[in-house]
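The values are calculated or read from the model by the stated rules, or taken from the named source; none is laboratory data. Computed from a prediction, not measured in an experiment: that's the story for all the values here. No Cβ is skipped: glycine too gets one built from the backbone with ideal geometry, and neighbour counts run over all protein chains shown. Surface areas here come from the heavy atoms of the whole protein model, side chains and all, with no ligands, DNA or RNA. Shrake-Rupley method; radii C 1.70, N 1.55, O 1.52, S 1.80 Å.
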Amino acid sequence: MEKIVALCKRRGFIFQNSEIYGGQNGFWDYGPLGTELKRNVRDSWYHDMVAAHNELVAPESAPSKYQMVGVETSLIMHPQVWKCSGHYDLFHDMMVDCRETKSRFRLDQIRCRTVRFEGETVKQDGTEATLDRVMVTSTAEDFEQDLTDQALKAFGKKKKYADRLQWEGDVSTLDKVDVEQFANVVAPGATKAGTLTAPREFNLMMKTIIGALGTDDDAAFLRPETAQGIFVNFKNVVDSSRVKLPFGICQVGKSFRNEITPRNFTFRSREFEQMEIEFFCRPDESAGWYKYWRDRRYQWYLDLGVSQDRLILRDHHAEELAHYSVGTADIEYAFPFLDEGEFGELEGVAHRGDFDLRSHMEGKLARNADGDLAVELNDDGKPKHRGSGKDLTYFDDQAKERFLPHVIEPSAGADRATLAFICEAYHEDQQPDEKGKMQERVVMQFHPRLAPVKAAVFPLIKKEGMPEKAAEVFGALKAAGLSCQYDQQGAIGRRYRRQDEIGTPYCITIDGDTMQDDTVTIRDRDSLEQTRISVQDVVAEVTGRLGSV
Ligand code: ATP
């Protein structure tokens, strides 16, 4: 991962935000090549999901034909949107800090269990006191082993004494433990007990004030997802664009979350971009559409070059599902910063039922005592958060029925996808240089559709008319809308290596023969094969090899 991060900075893919001022945690900037790459990711998504979708023919695995349209909605929305969507009430986490390790944890992610070791004690933070019974904690995947290791460490015992630990109660999570008992807790990675602060609540939505003279009463939130802009415009789209069920509304745009621990390069940022589809269908057809979108979105990453052994489609267990969801699957990638066998989410595909449209119509929904979704009420019997009161139902004029459509939501992150494509592309190999000596080569094997630079043009030498001829070829490629680089600096092998390192699929060299017979060589980044083609065929050859972009 360090090599990838270094390459991203060195070659201008991704920079730390505000780096000259020491950086701003959780924010990233894309350099010239990163901008092209991320634009290609976004464009490929929009092209494949919306622009190139043929609404007159049902794709092979789809339950029927369907339509796709796009919207672009604003970053700030009416505060009531977040109350009805559930973000206002639910989008917060309880956090604790450890004074010893300076780490921050989500309370519900810390596993804990009480333990003693006959006759031994553990030091307590800030006092001379020792404790004969402590609560050890872990955030590790393999928490059983980790809890044992931490207990032995806390009591200063070697591994062979593990069976003399006296455990009390079952493994639990720290959110179930009374704050009064925190003095006995040995935080993850800490050596003393009682180093955790009292839990504090963090709202993940970013607040801003509207109006130059605004006060806290005018607070609004930067959207934490693009989806709500689609739901609140559902009726506008139906009324204005003649779409008929089933259809999808798509949006690409920035979202903001006050992530508590931004980490793993761009994977968890506070400002990021999403590519979301809300697909509306008849309730009785929703199970088939859920399956279609789950498989379709998984295949999309494979088609763009992600290898199947690093990409999984993971169905959520029932207890993992959001309270409204009938089914959710995550598309996950084995990022190199994760441990062996671990995967990080690229995209979630959720069956959301009619939760969103109904909440915006009637008021925020929650499960009632019978387990049904119903408008959540205050003690006085009034809705906790009022809906818009607008009719968001759909009239199916063939079935002559009025109902609330169900929604399937494939929600992808543009930055996480871009990072996965970068990680996937990174390869090192050995190639002979001009003198036949083996040299280490770094090559970014981007899918040609995603490659930030499609072709590079080199005059072999800086004279004999070659730069002029190269400029002509370069100009023709640019005029065809292809992102290209021109390089006349250094030995040809070095120029190839510079392009390999940024993943340019094709390099075109103008040499002595070009001046005789008007042909050039075109070299393929992956096969390293060089072929001679006529100058006038260069644009057609490159675009043909790139395929549809
Ligand atoms: P996580 O569990 O990793 O926090 P999530 O389940 O909250 O993610 P969703 O709300 O489903 O994420 O958002 C949809 C997609 O948006 C994610 O699959 C991811 O690609 C992207 N995304 C969400 N949060 C972030 C973030 N902090 N930084 C970058 N991308 C993000």
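Summary of the geometry: region 328-371 and region 94-140, compared by the centres of their Cα atoms, lie 32 Å apart. The length gained by stretching the chain between Glu100 and Lys478 to full extension, at 0.36 nm per residue less their Cα-Cα distance, is 130.4 nm. Taken per residue, the accessible surface of region 453-547 reaches 44 Å², heavy atoms only and a 1.4 Å probe. In summary, the lysines within cross-link reach of Lys478, defined as a Cα separation below 25 angstrom excluding same-chain residues under 8 places away, comprise Lys38, Lys454, Lys462, Lys463, Lys469. Across region 81-90, rounded Karplus estimates of 3J(HN,Hα) from the backbone phi angles (6.51 cos²θ - 1.76 cosθ + 1.60, θ = phi - 60°) give 4, 6, 6, 6, 6, x, 5, 5, 7, 9 Hz, Gly and Pro being marked x. Roughly how far apart, in whole Å, are the Cα centres of region 446-478 and region 142-210? Distance between centres, Cα-based: 59 Å. When nucleic acids and ligands are ignored and a 1.4 Å probe is applied, Leu450 ends up with an accessible area of around 0 Å². Equivalent ellipsoid of region 93-202: semi-axes from √(5λ) of the C-alpha gyration tensor, largest first, are 21, 15, 12 Å. Listed by chain and number, the lysines whose C-alpha is less than 26 Å from the C-alpha of Lys123, apart from same-chain residues fewer than 8 away, are Lys102, Lys153, Lys157, Lys158, Lys159, Lys160, Lys176, Lys192.
Each principal axis of the Cα atoms in region 39-96 has its own extent, and those three values, largest first, are 50, 30, 28 angstrom. The Cα atoms of region 283-328 give a gyration tensor whose axes a ≥ b ≥ c have a/c of 1.5 or more with a/b no greater than b/c, which makes the shape oblate. Annotation: amide H of Arg268 within the under-5 Å range of Arg263, sequence separation 5 or more or interchain, hydrogens built in the peptide plane. A simple count of charges around Ala374, restricted to other residues whose Cβ falls under 14 Å of its Cβ and scoring Lys, Arg +1 and Asp, Glu -1, yields 0.
Determine the dipole magnitude for region 453-547: charges of +1 sit on the beta-carbon of Lys and Arg, -1 on that of Asp and Glu, nothing else is charged, the reference point is the Cα centre, and the result goes in debye to the nearest 20. Each step should come with its number before you reach the end.
On the way: 13 positive and 15 negative charges, 80 e Å.
Charge dipole, region 453-547, about its Cα centre: 380 debye, nearest 20.
When you restrict to C-alpha pairs under 8 Å that are six or more residues apart and normalise by the size of region 93-202, the relative contact order lands at 38 percent.
A cut-off under 13 angstrom between Cβ atoms defines the neighbours of Val349, and their net charge, with Lys, Arg +1 and Asp, Glu -1, is -3.
Lys159 contributes an accessible area of around 140 Å² to the protein surface, as traced by a 1.4 Å probe with all chains present.
Working note: Karplus 6.51/-1.76/1.60 with θ = phi - 60° gives region 334-339 the couplings 7, 5, x, 7, 8, 5 Hz, where Gly and Pro are set to x. Heavy-atom accessible area with a 1.4 Å probe sorts Asp379, Asp396, Asp537, Asp284, largest first, into Asp379, Asp284, Asp537, Asp396. Mind running the shape call on region 440-549? Use the C-alpha gyration tensor, a ≥ b ≥ c as the square roots of the eigenvalues: rounded below 1.5 for a/c, prolate if a/b tops b/c, oblate otherwise. Here region 440-549 falls in the oblate category. Partners of Lys65 within straight-line reach, counting lysines whose Cα lies under 16 Å from its Cα and excluding those fewer than 8 residues away in the same chain: Lys244, Lys291.
Can you classify the chain as rounded, prolate or oblate using the Cα gyration tensor, where a ≥ b ≥ c are the square roots of its eigenvalues, rounded means a/c under 1.5, and otherwise it's prolate if a/b beats b/c and oblate if not?
Verdict is oblate for the chain.
With the simple model of a label 7 Å out from the Cα in the direction of the Cβ, Arg200 to Asp526 spans 5.0 nm. For the pair region 382-399 / region 11-87, the C-alpha centres are spaced 28 Å from each other. Only Cα pairs under 8 Å and 6+ residues apart enter the sum, and on that basis the relative contact order of region 453-547 stands at 30 percent. Magnitude of the charge dipole for the chain, about its Cα centre and with charges confined to Cβ atoms of Lys, Arg (+1) and Asp, Glu (-1), is about 1020 debye.
Here each label is just a point 7 Å from Cα along the line to Cβ, and for Asp149 and Leu377 those points are 5.2 nm apart. Within region 422-544, antiparallel bridges make up roughly 65 percent of the DSSP beta bridges whose residues both belong there.
Which length gain, in nm to one decimal place, applies between Lys65 and Asp89 when the Cα-Cα distance is subtracted from 0.36 nm times their residue separation? Mind dumping the intermediate values first?
Working: separation 24, 0.36 × 24 = 8.64 nm, distance 3.78 nm.
Extra length from Lys65 to Asp89 when fully extended: 4.9 nm.
Put +1 on the Cβ of every Lys and Arg and -1 on every Asp and Glu Cβ in the chain; which of Met94, Ala329, Leu245 then has its Cα farthest towards the positive end of the dipole? Of the options given, the answer is Met94. Mean separation of Cα pairs under 8 Å and 6 or more residues apart, divided by the residue count, gives the chain a relative contact order of 12 percent.
The loop-placed chymotrypsin sites (Phe, Trp or Tyr not before Pro) in region 1-94, going by DSSP, that have at most 16 neighbouring Cβ atoms within 10 Å of their Cβ come out as Phe27.
Between helix 492-502 and the chain there is an angle of about 30 degrees, using the helix long axis and the longest principal axis of the Cα atoms. If you sort His351, His92 by accessible surface, 1.4 Å probe, largest first, the order is His92, His351.
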